[in-house]
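K.L.:
Sharing a structure with you now.
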Amino acid sequence: MLSKIKEKVTDIAAQIERTQIADYVQLLNHPRRLIWTNLLAGISRGVGIALGFTIFATTIVYILKFIGALNIPIVGDYITEIVKHVQFQLQKDGY
């Protein structure tokens, strides 16, 4: 019975170590470090989202511009208008 308890305690200790609860508790005991870590994570996510969306939107506008150049009757006119609006907004903002 004692060996089963020892085995269970060893398993629980291994699981706790795998989940890194000690690191989490240490982080909670240092609030400045927790705030700093979360601030850096938030800034990184924001910059990543902004860059990702910029690349995605640029790719979409480029594809739409290419499709607009094909002069497909209905779709081409619609896409041309979208590209004109985007280019006007970019020129208006000074970019």
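K.L.:
What Kirkwood radius, in Å to one decimal, follows from the Cα pairs of the chain?
P.N.:
Result for the chain stands at 18.8 Å.
K.L.:
Now for a different question. In percent, what relative contact order does the chain have, based on Cα pairs under 8 Å that are 6 or more apart in sequence?
P.N.:
12 percent
K.L.:
I've got another one for you. Work out the length of the dipole vector of the chain about its Cα centre, built from +1 on the beta-carbon of each Lys and Arg and -1 on the beta-carbon of each Asp and Glu, and round it to the nearest 20 debye.
P.N.:
340 debye
K.L.:
Among the helices of the chain (complete DSSP H runs), which have Cα atoms covering no less than 27 Å along the helix axis and a Kyte-Doolittle mean of at least -0.5?
P.N.:
Those that pass (Cα extent of 27 Å or more, hydropathy at least -0.5) are 31-69, 73-92.
K.L.:
For a Förster distance of 30 Å, can you work out the FRET efficiency between the beta-carbons of I60 and N38, rounded to the nearest 0.05? Present the calculation step by step, with values, prior to reporting the outcome.
P.N.:
Details: r = 32 Å, r/R0 = 1.07.
So the FRET efficiency works out to roughly 0.40.
K.L.:
Pull out the extension gain between K8 and Y24, defined as 0.36 nm times the separation in residues minus the alpha carbon to alpha carbon distance; nm, one decimal.
P.N.:
Roughly 3.5 nm would be gained on extension.
Read-outs: derived from the displayed coordinates by stated rules, not from any lab. Just so it is clear, the structure is predicted and the values come from calculations on it, not from any experiment. Virtual Cβ from ideal backbone geometry, glycine too; neighbours counted across all protein chains shown.
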